[in-house]
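Take a look at the structure set out below.
Derivation of every value follows stated rules applied to the coordinates shown; laboratory data play no part. Worth saying up front: this structure is predicted, and the values here are computed from it rather than measured. We place every Cβ from the backbone using ideal geometry, glycine too, and count neighbours over all the protein chains shown.
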Amino acid sequence: MLLKYSRIKKKLKDSNWLKLRDLPEEDREMIKKVMKSLGIFRVNSFDAQLILKDLIGMSQEMELRDSSLKVEIGEDLTGYVNELVENSKGASPLEYITYFGKRVFLAMFMITLFIGFLFTDGSWRGPLPIILFFLGINIFGEIYHGIIVPNYNIEKGIRRRIPDLIFVIIAAPIIILTTPSAFAESVFKVNYQLLSGVFGMIYLGCKIGHLWAEKQLIEGREHLVEE
């Protein structure tokens, strides 16, 4: 039952992608810029696809008038994007928590299995801090790409480089000073096989939660896909 709504969103996403390929390059770049600024913390994924559908329709209409999407939107791209956000249903906390959760814990499931299989001499026991290190890096990466970058994507000049500055200030020292090798002799040992199972179960929970979030967002609005 839950998969029904996931298929509806995929149908809309696939349709948008096929139509997007045929648009003028200038309009494709404009649409890409707008969509990158609509992060999951600002607009839910279904509304984002509906917005993309509308932008594609606008582009096709402007092409018939020998104009472009850039002319239609005007110079105030920030204001236009903010208006799109205000007219949407906004973000879904359940959706973005489960979306990032399933990405983080799927990555941790695979990382833990990989490290446990290759670097524990068959014992599957190893230092816990290494796993915490990779968990922290994964969480920071999702926050960086999901929250920080979209908020500055349509800025101009030096403000557009703020995400890069934040990355350097926060991530670089962690990566340089807190390397996994520093934990190699840690007394905090855990069973990586068991830990990977825990990560796998959390991933499945997030996956089901994400399907439920999609149902809440799409139910009763299926007709918008066909309009």
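Under a model in which nothing but the beta-carbon of Lys, Arg (+1) and Asp, Glu (-1) is charged, the chain shows a dipole of about 800 debye around its Cα centre. Extension gain for Ile162-Thr78 works out to 28.6 nm (0.36 nm per residue, less the C-alpha to C-alpha distance).
Among Thr98, Thr120, Thr112, the largest mean-square fluctuation in a Gaussian network model of the chain (Cα springs under 10 Å) belongs to Thr120.
Report the FRET efficiency, 1/(1 + (r/R0)^6), for Lys19 and His145, where r is their Cβ-Cβ distance and R0 is 30 Å, rounded to 0.05. Calculated transfer efficiency: 0.70. For the chain, the residue among Leu3, Tyr144, Ser123 whose Cα projects farthest onto the positive side of the dipole built from Cβ charges is Ser123. Under 5 Å between amide hydrogens, built in the peptide plane, is the criterion, and for Val190 it picks out Gly126, Leu128 among residues at least 5 positions away or on other chains. Helices in the chain that qualify as membrane-span-like (whole DSSP H runs, Cα extent of at least 30 Å along the helix axis, mean Kyte-Doolittle hydropathy of 0.5 or higher) are 93-119, 192-218.
Other residues whose C-beta falls under 13 angstrom from the C-beta of Lys102 contribute a net charge of -1, scoring Lys and Arg +1 and Asp and Glu -1. Taking trypsin sites (Lys or Arg not before Pro) across the stretch 9-85, the ones in a DSSP loop with at most 16 further Cβ atoms lying within 10 angstrom of their Cβ are Arg21, Arg65.
Summing charges over all other residues whose Cβ lies under 12 Å from the Cβ of Leu20, with Lys and Arg as +1 and Asp and Glu as -1, gives +1. Sequence-distant contacts, meaning Cα pairs under 8 Å at least 6 residues apart, place the relative contact order of the chain at 33 percent. Between Leu204, Leu165, Leu64, the residue with the greatest mean-square fluctuation in the GNM of the chain (Cα pairs under 10 Å linked by springs) is Leu64.
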